[in-house]
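The values are calculated or read from the model by the stated rules, or taken from the named source; none is laboratory data. Predicted model, so just to flag it, every value in this text is computed and none were measured. Heads up, the Cβs are rebuilt from the backbone with ideal geometry, glycines too, and the neighbour counts pull from every protein chain shown.
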């Protein structure tokens, strides 16, 4: 079988890229495609085993490396220019347009869907507000582009033979937006790397890119209300200076950390605080792999990865008061760190690679059987 793996883009090593890494562990003979590929050598070696992706014309546009999203209106056209007709199996890893690649009836196209396009659907109005695009000519143009993207996105969903969702939460979203069924295979978490630590220290921990929807600011606001509790914040990004400016003395910022340092902080924290509404959320599972309980916003993928009062606690609102109240409830409970670690094992990288291999091979056998009947 000739196999192609198409991802939306390559420029960071995030959660979606961990899925690509595991897919390359299962099959080492993919030809890779993406709108852009600006990976550094270290991330390229981890994600793509040192290979380079075949890229679209967006790769060559001025400013694409710094901000590829400004070419959003070109994404559907660009993804359709890839000629993948030589491949038997096409796997798309998509939270944007990768699933819209054109295939024919002899090919099997399986999409691992991280989410329907967030800024065109669920986060449409929030995206416009946060970008200052609710009015004016720029606002009108942005709304028009996203309107056209929604129409294209539903059409493109019909090009996929089978959807895999990264959580039950996304399975429901796929059904709502595309009216398609999906099987759930949870993303890979490197639970072998994030080892159990039973003895915890007296601090809370959070780690994230400093962007608006991650809600690190509300975590900081919560601990501003609890000056006797220490919070350590890891990560960098556009919101870093603004968030650090509002923090009180009990909050320490350590900036961007490498994986080894992140693990140490994760292992020793009394709890990991997580305020985003994520589609799945790999980092809270990494914390639990360390035996560290999670204080999480009770929506999205966290409801599937955190067990209330057993591996963590939930808060109901993305604000400081709700988080502070959850911290107080958390401190009245006792947690079994070994049990927390065991729970995280259900989301291991090895489990993902086994499940995805079995799924693709099963669908390939069904596809071949169907072709022979034609």
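A few comments on the model shown:
- Sole exception among (1) surrounded by 13 or more Cβ atoms within 10 Å (Cβ to Cβ); (2) under 25 Å from residue 38 (Cα atoms); (3) at pLDDT 95 or above for residue 165, by number: (2)
- If you filter the range 169-184 down to residues that are under 13 Å from residue 114 (Cα atoms) and out of contact with any helix residue (DSSP H, G or I) (no Cβ under 6 Å at 6 or more places or on another chain), you find that the one that is surrounded by the most Cβ atoms within 10 Å (Cβ to Cβ) is 170.
- Boolean, residue 255 is touching a residue at least 24 places away in the same chain (Cβ under 8 Å) and at positive phi: no
- Some residue of the range 145-159 being surrounded by fewer than 16 Cβ atoms within 10 Å (Cβ to Cβ) and farther than 18 Å from residue 96 by Cβ: no
- Residue within the range 289-304 that is out of contact with any strand residue (DSSP E or B) (no Cβ under 6 Å at 6 or more places or on another chain), closer than 20 Å to residue 186 by Cα and free of Cβ contacts under 8 Å to residues at least 60 places away in the same chain present: yes
- Residue tally, condition at pLDDT 95 or above, under 19 Å from residue 167 (Cα atoms) and part of a loop (DSSP other than H, G, I, E, B), over the range 300-310: 2
- For the range 358-370, the criterion of being farther than 19 Å from residue 209 by Cα, outside any helix (DSSP H, G or I) and either modelled with pLDDT under 95 or outside the structural domain of residue 215 (by TED's automatic domain parsing) (or both) is met by none of the residues.
- All positions within the range 238-267 that are under 12 Å from residue 207 (Cα atoms), touching a helix residue (DSSP H, G or I) at 6+ places or on another chain (Cβ under 9 Å) and exposed (fewer than 15 other Cβ atoms within 10 Å of the Cβ): 255
- Residue in the range 311-335 that is nearest to residue 186 (Cα to Cα), counting only those that are over 24 Å from the mean Cα position of the chain (by Cα) and part of a loop (DSSP other than H, G, I, E, B): 335
- Checked against (1) part of a helix (DSSP H, G or I); (2) crowded, with 21+ Cβ neighbours inside 10 Å; (3) touching a helix residue (DSSP H, G or I) at 6+ places or on another chain (Cβ under 6 Å), residue 6 meets all criteria but (1).
- The combined condition, being in the same structural domain as residue 13 (by TED's automatic domain parsing), free of Cβ contacts under 8 Å to residues at least 60 places away in the same chain and in contact with a strand residue (DSSP E or B) (Cβ under 8 Å, 6 or more places away or on another chain), is not fulfilled by residue 233.
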